[in-house]
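The values are calculated or read from the model by the stated rules, or taken from the named source; none is laboratory data. Because the structure is predicted, anything quoted here is derived from the model rather than measured. Cβ: placed from backbone, ideal geometry, glycine included. Neighbour counts: every protein chain shown.
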Amino acid sequence: MFDLPKYTIVDKSIPKNAFDNFTNTKQKKLFSEYVSSIRWTNKLSASTIKLPSKEIEEIQIFNISLKKKGDISSLLEIIDRSIPYHIIFVINFNEEILLSVAKKHSHPNNENNSIIDWVFQSDWIVSNDFNYKLNFKESIDAIFLDVCNQLSGNNDKTINELVESNLKKESLEKKIKKIKQQIKSCKQFNKKVDLNLQLDRMNKIYKKLI
């Protein structure tokens, strides 16, 4: 997939029940219903690729094969929260691939649990069209940032700037959606004009973020 050096290879199967302590009954059922197998394929660290690290100590690569195609974001979050290292998920279903990466940080009160800051994710891609790469740059952090940049379509931001920008966009999208609903149901002309002006201002701000 990424054509990584042999010394990064782990190639270990991870049983689905390894995450039982982090799941409820409904989530266990989702694991069983959607996930065929989970494989820890590679490890990128100072010991395997001889590059330094700062905030991001290691990057693990997990290959997940699905029984059926669907939204498994909640399952990826469970795995991500339960493992302290950053993970690149390569999700497979038949001839399609989805890439998902989360920026996260350690929980201040629980070292066995991580907090997800933002998830960067591709669309489903036919395997022959998969063109994402792991570019070995000056550090583990730079490799991770490069992947997030590829997934977000940005090339001039730090990882924290990327997360902050996406959080702002998400917040604005919610506000824009709410105002559109208010405009649709509003009967008062003056109030409707004011709402449209607010919508115009928010749309201008949003365009600057994308």
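Quick look at the values:
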{"item": "All positions within the range 1-19 that are assigned to a helix (DSSP H, G or I), surrounded by fewer than 16 Cβ atoms within 10 Å (Cβ to Cβ) and of a type in the set (Ser, Thr, Tyr)", "result": "Tyr7"}
{"item": "Qualifying residue in the range 20-30 (condition: more than 19 Å from Ile91 (Cα to Cα), buried (at least 16 other Cβ atoms within 10 Å of the Cβ), assigned by TED's automatic domain parsing to the domain that holds Pro84 and of a type in the set (Val, Ile, Thr))", "result": "yes"}
{"item": "Matching option when the condition is in the same structural domain as Ile116 (by TED's automatic domain parsing) and not acidic (Asp, Glu), among Leu145, Leu172, Leu199", "result": "Leu145"}
{"item": "Failed criterion for Val35 (all others in (1) closer than 25 Å to Leu4 by Cβ; (2) without any contact (Cβ under 8 Å) to a residue 12 or more places away in the chain hold)", "result": "(2)"}
{"item": "Residues located in the range 31-75, provided they are surrounded by fewer than 14 Cβ atoms within 10 Å (Cβ to Cβ), over 18 Å from the mean Cα position of the chain (by Cα) and not charged (D, E, K, R)", "result": "Ser32, Ser36, Ala46, Ser47, Pro52"}
{"item": "Hits in the range 155-210 (condition: β-branched (Val, Ile, Thr) and assigned to a helix (DSSP H, G or I))", "result": "Ile159, Val163, Ile176, Ile179, Ile183, Val193, Ile205"}
{"item": "Candidate set: the range 120-154, residues that are acidic (Asp, Glu) and part of a helix (DSSP H, G or I); chosen: the one nearest to Leu167 (Cα to Cα)", "result": "Asp146"}
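The rows are residues; the columns are (1) in contact with a Leu (Cβ under 9 Å, 6 or more places away or on another chain); (2) in contact (Cβ under 8 Å) with a residue 60 or more places away in the chain; (3) not basic (Lys, Arg).
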| residue | (1), (2), (3) |
| --- | --- |
| Ser122 | yes, no, yes |
| Asn131 | no, no, yes |
| Ile143 | yes, yes, yes |
| Gln150 | yes, no, yes |
| Gly153 | no, no, yes |
| Lys157 | yes, no, no |
| Asn160 | no, no, yes |
| Glu170 | no, no, yes |
